[in-house]
1. Report whether or not Val113 is in contact with a strand residue (DSSP E or B) (Cβ under 6 Å, 6 or more places away or on another chain) and without any contact (Cβ under 8 Å) to a residue 24 or more places away in the chain.
2. Considering only residues that are surrounded by fewer than 14 Cβ atoms within 10 Å (Cβ to Cβ) and in contact with a Gly (Cβ under 9 Å, 6 or more places away or on another chain), which ones fall in the range 85-102?
3. What about Phe49, is it touching a Pro at 6+ places or on another chain (Cβ under 8 Å), open to solvent by 10 Å² or more (accessible area, probe 1.4 Å) and of a type in the set (A, V, I, L, M, F, W, C)?
4. Report every pair of residues separated by at least 6 positions or lying on different chains whose Cβ atoms are under 6 Å apart, first residue within the range 47-65 and touching a residue at least 40 places away in the same chain (Cβ under 8 Å), second of a type in the set (Phe, Trp, Tyr) and not in a strand (DSSP E or B).
5. Among (1) under 25 Å from Ala164 (Cα atoms); (2) of a type in the set (D, E, K, R); (3) at pLDDT below 85, there is one condition Arg104 misses while meeting the rest; what is its number?
6. In the range 31-62, how many are modelled with pLDDT under 80 and either touching a strand residue (DSSP E or B) at 6+ places or on another chain (Cβ under 6 Å) or under 20 Å from Gly158 (Cβ atoms) (or both)?
7. Can you find a residue that is open to solvent by less than 40 Å² (accessible area, probe 1.4 Å) and either over 19 Å from Tyr57 (Cβ atoms) or part of a strand (DSSP E or B) (or both) anywhere in the range 152-168?
Amino acid sequence: MKQTRSAVRRATVFSRMLLAAALAVLIPVAVAPVAAQGEEPLRWFGDSFDDITMLVYGVPHSDYVAVIFGCKRGERFVKVGLQDEDSGAEEGVPLPVRMAAAGRQIEFSEKGVRNQDSGGIELHARLPLDETLRRILGSSGRLDITIAGRTQHYDMAGAAKPAAKMLAACDATTAGQ
């Protein structure tokens, strides 16, 4: 019973982290009041909880997250949380998404879910951990994320170490495997 509660707790925490990330994804820095509030600038960093390891673009030790990727130890996929504030898309409507960096791109489509706090649409994807995603996450250039024709650019400077840590955790085997 204790093991089941722990598994439910981890799943709930990961879902909440993705939800928190989705609240602010793809909001241009110029619009976000982060700098005006005297908080540190947005940057790439890593975070983890139990067997969940994340690559995050946001303000460390705050609730402000712009992009989040995460996986559980030993899994062969990465969960992505995105928010679309500008396309005017409706809930339940599939939105085309393209992530591109390092000369590689991934395209997928996800149905939007209304975010009650922001009024925008959240997108949650589960992407296979393949060579293309590895190259994108390990890029030292620029990450472009396009949702329904609107592109947001993220400088990948500083992402290499936390991305490598997340990918190593994804590749690790879990006990008993």
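The values are calculated or read from the model by the stated rules, or taken from the named source; none is laboratory data. A quick note: this is a predicted structure, and the numbers were derived from the prediction, not measured. Please note: Cβ atoms are built from the backbone with ideal geometry, for glycine as well, and neighbour counts cover all protein chains shown. Note: areas computed on protein heavy atoms with side chains; ligands, DNA, RNA excluded. Shrake-Rupley method; radii C 1.70, N 1.55, O 1.52, S 1.80 Å.
1. Details: in contact with a strand residue (DSSP E or B) (Cβ under 6 Å, 6 or more places away or on another chain): yes; without any contact (Cβ under 8 Å) to a residue 24 or more places away in the chain: yes.
Here the answer is yes, as Val113 does meet what is asked.
2. Glu90, Glu91, Gly92, Val93, Pro94, Pro96
3. no
4. Final answer for the pair search is Ile52/Phe14.
5. Just one mismatch for Arg104, condition (3).
6. Initial filter on the range 31-62 (modelled with pLDDT under 80): 31-39.
Keeping just the survivors that are either touching a strand residue (DSSP E or B) at 6+ places or on another chain (Cβ under 6 Å) or under 20 Å from Gly158 (Cβ atoms) (or both) gives 32, 34-35, 39.
Count: 4.
7. Step one: list which residues in the range 152-168 are open to solvent by less than 40 Å² (accessible area, probe 1.4 Å), which gives 152, 154, 156, 159, 162-163, 166-167.
Filter once more, so that each one left must be either over 19 Å from Tyr57 (Cβ atoms) or part of a strand (DSSP E or B) (or both): 152, 154.
Checking the range 152-168: at least one residue is open to solvent by less than 40 Å² (accessible area, probe 1.4 Å) and either over 19 Å from Tyr57 (Cβ atoms) or part of a strand (DSSP E or B) (or both).
Conditions tested, residue by residue: (1) under 21 Å from Met54 (Cα atoms); (2) over 15 Å from the mean Cα position of the chain (by Cα).
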| residue | (1), (2) |
| --- | --- |
| Ala66 | yes, no |
| Cys71 | yes, no |
| Gln83 | yes, no |
| Glu91 | no, yes |
| Pro94 | no, yes |
| Ala100 | yes, no |
| Gln105 | yes, yes |
| Gln116 | no, yes |
